[in-house]
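Take a look at the structure below.
The values are calculated or read from the model by the stated rules, or taken from the named source; none is laboratory data. No experiment lies behind these values; they were computed from the predicted model shown. Neighbour counts run over all protein chains shown; Cβ positions are idealised from the backbone, glycine included. Accessible surface is based on the protein model in full, side chains and every heavy atom, while ligands, DNA and RNA are left aside. Shrake-Rupley method; radii C 1.70, N 1.55, O 1.52, S 1.80 Å.
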Amino acid sequence: MKNDLRQYREARDLSQADLAAAVGVSRQTINAIERERYDPSLERAFKLAAYLDCRVEELFDPRLNGTGQAPESFETTARTSRRR
């Protein structure tokens, strides 16, 4: 998922290890989120946003992979699945 975690972390002069300790994860988890190799759970995303004093939507792009398009709704997916 596209995110601005690194920018928010660096703006607060925090290392990956500092942020990780503050929200109860490993430094490797912070690194993976920043590199968009791992999508945090909703709970973890809210913890990160709260610690960095911003909204989840400011930290993480709510659109699918930053494409500007919202993910398909369940109804659309269900209709498509039934046609197969």
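In nanometres, what is the gap between the two model label sites at ARG6 and ALA22, each 7 Å from Cα along Cα-to-Cβ?
With each label point 7 Å from Cα toward Cβ, the separation is 1.8 nm.
Taking segment 1-55, which trypsin sites (Lys or Arg not before Pro) meet the DSSP loop condition and have no more than 10 other C-beta atoms within 10 Å?
Working: sites: LYS2, ARG6, ARG9, ARG12, ARG27, ARG35, ARG37, ARG44, LYS47, ARG55; in loops: LYS2, ARG12, ARG35, ARG37, ARG55.
Here the trypsin sites (Lys or Arg not before Pro) that fit, given the DSSP loop and packing criteria, are ARG37.
Using a ≥ b ≥ c from the Cα gyration tensor of segment 1-69 (square roots of the eigenvalues), is it rounded, prolate or oblate, where a/c under 1.5 gives rounded and otherwise the larger of a/b and b/c decides, a/b for prolate?
Note, shape of segment 1-69 comes out prolate.
Give the carbon-plus-sulfur fraction of the accessible surface of segment 1-64 in %, rounded to a whole number; probe 1.4 Å, heavy atoms of protein chains only. Numbers along the way, then the final one.
Details: 1820 of 4050 Å².
Looking at segment 1-64 in its full context, I get 45 percent from C and S.
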